[in-house]
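Working notes for the structure below.
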Ligand code: PEP
Ligand code: MN
């Protein structure tokens, strides 16, 4: 429920409303705004009888929020959230963040060479999977903790924060030990126990959209994390499953402006998993920036033809370097058009 106060409401009237909400056993979260004062009501598990509140002095209207998410919504939090990862800021008005690196950590040599390539091209955050959610059990499953160590080593060597996937609660201690951002993959978007656990941490989280998740389900999953207290959350569109098989998934770019309307959380795009096709990655990366994405996640391997995972969608160092140049040019153009 959202309580909208009159423009002229006094501090005393706002306090009275908060007290009334507390008396009902619920939490009241003031939402500062230049146009209006609003109070978000949290803690209810169903419809709240609003007669007492509606009749209090200074109350303009009471809006019942029927969506399964509140804390992630713009209604409850009009100001955009900026997520800080080391010295990198992700969100509105920050430069688009680029997370890049191989699908999987394979070896020290591979990790170092890929990290050097993405660093020299200007990436902000290094990626690399150590725990891999592979479709079949007979494929490379990742190096586990050894992979985490190699990722950290490469991140330290090239001075980049690192992002990597955590697949289950039992891996959290290890992943938190080596990573700067915890990635929840598409296949785990609705692993509610995992979402709750990362919600209890003071750690940046990257939540990827499930391959068949609606936008409402995506935001409701995000709500699990915020509801536990962690709002250092970045959303990621990575393509959804449609009837089309020519691409690995279908990049749902409209989700970017839509989520920017619905939520205060930053949203980035992963054109690598969305297309599965190397030649399509650069143009869709640019399209994502035009759509308003706060950043990109791109798979880059120093030798994609040798990659143990997702080589067909990975850019090599030169291709990524060229893309970064084009993204910079595009970003300058977009900023000039904004002013
Ligand atoms: C990944 O980023 O390595 C990955 C497995 O992505 P997704 O969860 O989007 O499939
Ligand atoms: Mn991958």
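Worth pointing out:
- Scope region 179-216; condition touching a residue at least 24 places away in the same chain (Cβ under 8 Å), more than 14 Å from the chain's Cα centre (by Cα) and either within 16 Å of ligand 2 (Cβ to nearest atom) or within 18 Å of residue 254 (Cβ to Cβ) (or both); matching residues: 187, 211, 212, 213, 216
- Unmet requirement for residue 221, which otherwise passes all of (1) out of contact with any helix residue (DSSP H, G or I) (no Cβ under 7 Å at 6 or more places or on another chain); (2) crowded, with 23+ Cβ neighbours inside 10 Å: (1)
- If you go through region 42-58 and keep only what is in contact with a strand residue (DSSP E or B) (Cβ under 6 Å, 6 or more places away or on another chain), more than 13 Å from residue 26 (Cβ to Cβ) and touching a residue at least 40 places away in the same chain (Cβ under 8 Å), you end up with just 58.
- Put simply, of 260, 278, 232 the only residue that is in the same structural domain as residue 96 (by TED's automatic domain parsing), surrounded by 15 or more Cβ atoms within 10 Å (Cβ to Cβ) and within 16 Å of ligand 1 (Cβ to nearest atom) is 278.
- Selection status of residue 294, touching a residue at least 24 places away in the same chain (Cβ under 8 Å), more than 14 Å from the chain's Cα centre (by Cα) and surrounded by 24 or more Cβ atoms within 10 Å (Cβ to Cβ): no
- Residue 39 under 12 Å from residue 3 (Cα atoms), buried (at least 17 other Cβ atoms within 10 Å of the Cβ), modelled with pLDDT of 90 or more and touching a strand residue (DSSP E or B) at 6+ places or on another chain (Cβ under 9 Å): yes
- The single condition from (1) surrounded by 15 or more Cβ atoms within 10 Å (Cβ to Cβ); (2) closer than 28 Å to residue 289 by Cα that residue 244 fails is (1).
- Any hit, region 132-150, residues being without any contact (Cβ under 8 Å) to a residue 60 or more places away in the chain, assigned to a loop (DSSP other than H, G, I, E, B), at positive phi and in the same structural domain as residue 267 (by TED's automatic domain parsing): yes
- Selection status of residue 99, in the same structural domain as residue 266 (by TED's automatic domain parsing), part of a loop (DSSP other than H, G, I, E, B) and surrounded by 16 or more Cβ atoms within 10 Å (Cβ to Cβ): no
The values are calculated or read from the model by the stated rules, or taken from the named source; none is laboratory data. Computed from a predicted structure; not experimentally measured. Note that we place each Cβ from the backbone using ideal geometry, even for glycine, and neighbour counts take in every protein chain shown.
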